[in-house]
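Notes for the one structure printed next.
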There are 2 protein chains.
Amino acid sequence: MTEPSAHSIWLRPERAGRGPTPTFDRDRIAAAGIALADADGLPAVTMRAVAVALGAGPASLYRYVATRDELLELMIDRVNGEISYDALGSGHWLDDLLALARQSRSVYLAHPWLLDATAARTPVGPHALTYLEHALAALADVDVSPRTKLEAIAILNAVVSTLTRAEVIQRLAGQTIPQWQQAQAEYLTQVAMAGHHPHLATALTGQPPEAEDSSEALFDRILTRVLTGLLQPDDIGATSVRGRAKVEPGGHSREATEGREP
Amino acid sequence: MTEPSAHSIWLRPERAGRGPTPTFDRDRIAAAGIALADADGLPAVTMRAVAVALGAGPASLYRYVATRDELLELMIDRVNGEISYDALGSGHWLDDLLALARQSRSVYLAHPWLLDATAARTPVGPHALTYLEHALAALADVDVSPRTKLEAIAILNAVVSTLTRAEVIQRLAGQTIPQWQQAQAEYLTQVAMAGHHPHLATALTGQPPEAEDSSEALFDRILTRVLTGLLQPDDIGATSVRGRAKVEPGGHSREATEGREP
DNA sequence: AGATACTGCATACATCGTTCGCAGAACAGG
DNA sequence: CCTGTTCTGCGAACGATGTATGCAGTATCT
């Protein structure tokens, strides 16, 4: 039999104490990759670059990591370790989840490449599981199925990354002037003004730099709405479309025709 | 002056009718790429592979596309063209947005690589703008700021892709047995049972294959909750979070957990 | 007709992830 | 202490990929 699923790096012991003492360890390698990514983005994290950053030969990393993807997983999990759980335990699940989300946002802002790294994969490293554990703990007293809780957390993470991505892009637009974005703006207005997209046009010609809330306030407001909408008791929501509409007991029709004037 | 932002393929005319008649066009190239991606996933879409699929030389594609990323944009926009807007115009914004979301889900399910392709980038092709236009049209009568509408649509898309990704993964788990997933499951239970993650353990040992709703019902239910939560009038939800920088355990139950009845 | 500006394409290059094989270091057992 | 085993670092190389370049030919414009 082969080793039971060495397909995940988290199941493989970091050291099998037989041979010579390794020069590095997973954490140092992850740190080196993170430094490169912080400085020059994800594409700068190549096997050779990380190797020379560590003062090692180009192929030495493969003693610690089976593939580049595993290196990225190491990096992801290490920055997930920057999350603090001190502000939790308020007794209010929403406050706790918001605190978690803010921590997550902080990590994204500190390491923007994390947005791209986690876009395709779902992190499952130890720190990610710790995060998940705390999120579930926050929801311990909420009366929905575990399944619903996991869904809510997954969606929460998706919304956090979406909001933070928008924030990062907007921040980039502030200092540097990426030409592709200039092009996109030009193209967008051009299409919108062509006449076939009236709603888009009005949406874009709205008040752009108006007195907006701070990013944090916006972040909290949206997440609050999403979470309160998501985590209603399990039997609500399937029958009532309008969140604040009174739920008629016995009304099992899924018609979304409530609260509308004929 | 250089050409005004030829950085986006959508700003560049497909043909500048000067030279010989091109053998292909963007749509055929996109179709070839889509066929490859449908069959063998995104990594199978290499410049050479698409070229030989078209019966062309390895470097010929660069007459139509400046980079591989642009080829992906072409593919993304072409599958976005599969969206139908027939079921819209119900007069109920929620129904219309749900119809849009279901269409989006269908496209994701038909072309799972789209999940990876759109994970990092935000599609801005013509069909994506048409989609956005219809989404904004559905929200025309909702009394929130344009900004809020755009946010809601962005989050809607993020949630749709998150849910659909889960669906695709679950579908793959059904037929084939990807070993990395076997490994993940093993690892997850192993960590959960180690004792340090009690909530995770209970969440995982829940009733997995219980009588669940159909995927479509689940999809609709979650999206309904998210959307109704998001698109409350703009003055609600902004004040609820800000009021208390200080969290006290055992304090007032939040208005989110209780119903909205006066 | 000539100039122009495009087309297809073969070739080439740089870079990347990854594999292979070997010399040497640490540990286990006697 | 010695010997075998098992690991380590790593130089070198392989295959694949995205992309640039130059050339021969063709369609359009003046």
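Loop-located GluC sites (Glu not before Pro) in the stretch A:131-210 (DSSP state other than H, G, I, E, B) with a sparse environment of at most 10 neighbouring Cβ atoms within 10 Å: A:GLU210. Going by neighbour counts of Cβ atoms within 10 Å, the residues A:MET193, A:MET75 line up, fewest first, as A:MET193, A:MET75.
Label-point spacing for A:LEU109 across the identical copies (point 7 Å from Cα in the Cβ direction), in nm and ascending order: 3.9.
Estimated translational diffusion coefficient (Stokes-Einstein, Kirkwood radius over Cα pairs, 37 °C, 0.692 mPa s) of the stretch A:1-86: 238 µm² per second. Net charge of the neighbourhood of B:ALA44, taken over other residues with C-beta under 15 Å away and scored Lys/Arg +1, Asp/Glu -1, is -1.
Ascending distances from the B:PRO126 label point to its copies in the other chains, with the point 7 Å along the Cα-to-beta-carbon line: 5.4 nm.
Across identical copies of the chain, A:ASP40 has label-point separations of 3.1 nm, listed in ascending order, with the point defined 7 angstrom from Cα along Cα→Cβ.
Given their separation in residues at 0.36 nm each and the Cα-Cα distance between them, A:THR122 and A:GLU82 gain 12.6 nm when the chain is fully extended. The trypsin sites (Lys or Arg not before Pro) of the stretch B:80-136 that meet both conditions, a loop assignment by DSSP and at most 13 other Cβ atoms within 10 Å of the site Cβ, are B:ARG121.
Counting Cβ atoms of other protein chains within 10 Å of each residue's Cβ and taking the mean over peptide A:138-145 gives 2. Per-residue Karplus couplings for the stretch A:216-225, computed as 6.51 cos²θ - 1.76 cosθ + 1.60 with θ equal to phi - 60°, are listed in order as 5, 5, 4, 4, 5, 5, 5, 5, 4, 5 Hz, Gly and Pro entered as x.
Only the coordinates and a few stated rules stand behind these numbers; no lab work does. Treat the numbers as computed from the prediction; the structure is a model and nothing was measured. Using ideal geometry, Cβ is built from the backbone for each residue, glycine included, and neighbour counts are taken over all protein chains shown.
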